[in-house]
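Taking it in order: structure first as structure tokens, then the write-up.
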Amino acid sequence: MRLWPFRRRSRDAARPRWDLSDTLLHWSRHDAWSLRDAVEGTIVVGATGSGKSSGSGRAIALAMLRSGFGGLVLTAKPDDLATWQRHCREAGREDDLRVFGPDSELRFGFLDYELNRPGRGAGLTENIVQLLSAVLEVAERGSGTGGDGEQYWKRAQAQLARNAIDLLSMATGRVTVPELYKLVISAPASREQVRSDDWRASSFCFRCLGDADRREKSPEQARDFELVADYFLVEFAALSDRTRSVVVSSFTSTVDILNRSLLRELFCTTTNITPAAAEEGAIIVIDLPVKLFAEVGQFAQVLWKTAFQRSIERRNIEASPRPVFLWADEAQHVITSGDAMFQTTCRSSRAATCYLTQNISNVYAALGGSEKGRVEAASLFGNLNTKVFHCNSDPVTNEWAAGLIGRTRQAFANASNSHTAEDQMTSLLGLPGAGGGNSGFSESYEFEVQPRAFTQLRTGGPEHRWCVDGIVFQNGKSFRASGTNWLPVAFSQR
Ligand SMILES: Nc1ncnc2c1ncn2[C@@H]1O[C@H](COP(=O)(O)OP(=O)(O)OP(=O)(O)O)[C@@H](O)[C@H]1O
Ligand SMILES: [Mg+2]
């Protein structure tokens, strides 16, 4: 069996309409991957060097670029930018590439964007809270506040963020990172402090409460103000010292990183690009790879990802029909608990998520490793409908992939065969057409694709004649070339 990704001529990127039935690429002569499939999400799993980026990743990226998608690319490795520059060149989309990073002029004032975007209203504070909560979530990984009490801390931090943002915008009419920081560190540490003249005279939080109180308010704003004042003067002040210090320190340490050098410059100054640019066809690459910029890179990527998801969810698909992709290589660095929810709704916003990762255990670990993390990961995997498996030696991933594909009654040959390199995968996967000369069979109810089959897929490079093997799985699909819901595909790296 010989299968290949189908290459198509570059299409007019300015084409006004996209149809969900549009073909983006062919997995085989008879099996197409459509725009509908793309917006149902994709996950590519394979060990380091298995050919995720240069095999299926490249084929999928080129297909979406050629179809005129806009998109957001989150990076993990220093060479990810060069990879996407190559992709854009190959797809004739160089002019649409926007690089957001330390060497570019692009700035994204995320708070201003949320405050000033059209259609602001009740969701305003909540959007900013969601952005900050996503960043807090990745900041917290490995800090020991996960596990059983995780939900409590998350709620407490979100509550602090919500009240601080509300108070600042009521008092000053704007929300800035330095003022958020100043407000939270000057909030009352006890009921005595609330009554103390010293605290009242020096606290920025108290000054904001006074300013907000004096402002003219609608009945709704007056109710909001009452809640905010109660929170800071009663609830927050009465928290135990330990609880308050954990909530405040995790909040301020995160906000502090946003408030320093590179991130302050990129995210807290002006705005000349926003996630909405992707709807116009921009390919925004966040060139702050996690491997190079560590936590700072991770914060930047997660901020962009979350702002992009919020922005895309809000768009009017009639007025802005261009499909967009959200791309993350080594996605475990940027996956947060909000992704599963986004994935359940993004289809109607024409957003195609494509996550590449080495194994599924990484994703479990990223989402906290607890039972809840596993459930969130399972939901996310379930909602990334196209799955591409490359060579892997991780038994958890291989068993999972084999389990997804399922078990069937199978006949096993008792005699061995020799095969050429061409039909190696065909024989490994037990597909028809694999050699001949079997002398005996036994039957059993077995994995249709054995977990060990994933350890033997070709990984590209000269020794495999630049061929990368992948097994494409789509729930609910019957591939014509295989008659099942999975299909072996050989991707060319060239
Ligand atoms: N354009 C290319 N031509 C030939 N070989 C390549 C090309 N790009 C990568 N390779 C080689 O092919 C193999 C697969 O590389 P690739 O970068 O796609 O793996 P990957 O699964 O993305 O790995 P990682 O998890 O480390 O990102 C590697 O051995 C790599 O050196
Ligand atoms: Mg890669």
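Results, tabulated for the structure shown:
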read-out: Residue match in the range 353-362 (condition: part of a loop (DSSP other than H, G, I, E, B), within 20 Å of SER56 (Cβ to Cβ) and not β-branched (Val, Ile, Thr)); value: yes
read-out: Residue satisfying condition, being in a helix (DSSP H, G or I), within 16 Å of ligand 1 (Cβ to nearest atom) and modelled with pLDDT of 90 or more, within set GLN298, GLN343, GLN332, GLN309; value: GLN332
read-out: Test: TRP327 is within 16 Å of ligand 2 (Cβ to nearest atom) and in contact with a strand residue (DSSP E or B) (Cβ under 6 Å, 6 or more places away or on another chain); value: yes
read-out: Qualifying residues in the range 454-478 (those that are more than 16 Å from ligand 2 (Cβ to nearest atom) and closer than 18 Å to LEU384 by Cβ) - the one surrounded by the fewest Cβ atoms within 10 Å (Cβ to Cβ); value: GLY476
read-out: Residues of the range 386-426 that turn out to be touching a helix residue (DSSP H, G or I) at 6+ places or on another chain (Cβ under 7 Å) and either modelled with pLDDT under 60 or assigned to a loop (DSSP other than H, G, I, E, B) (or both), as a count; value: 7
read-out: Residue match in the range 242-259 (condition: of a type in the set (Asp, Glu) and in contact with a Lys or Arg (Cβ under 8 Å, 6 or more places away or on another chain)); value: no
read-out: Checklist (1) assigned by TED's automatic domain parsing to the domain that holds GLU126; (2) touching a helix residue (DSSP H, G or I) at 6+ places or on another chain (Cβ under 8 Å); (3) of a type outside the set (A, V, I, L, M) applied to ARG242, failing item; value: (2)
read-out: Matching residues, the range 346-370, being touching a strand residue (DSSP E or B) at 6+ places or on another chain (Cβ under 8 Å), more than 16 Å from ligand 1 (Cβ to nearest atom) and aromatic (Phe, Trp, Tyr); value: none
read-out: Subset of the range 23-62 [in contact with a strand residue (DSSP E or B) (Cβ under 9 Å, 6 or more places away or on another chain), in a loop (DSSP other than H, G, I, E, B) and surrounded by fewer than 17 Cβ atoms within 10 Å (Cβ to Cβ)]; value: GLY49
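The values are calculated or read from the model by the stated rules, or taken from the named source; none is laboratory data. Since the model is a prediction, treat every value here as computed from it, not as a measurement. Reconstructed Cβ throughout: ideal geometry from the backbone, glycine too, with neighbour counts over all protein chains shown.
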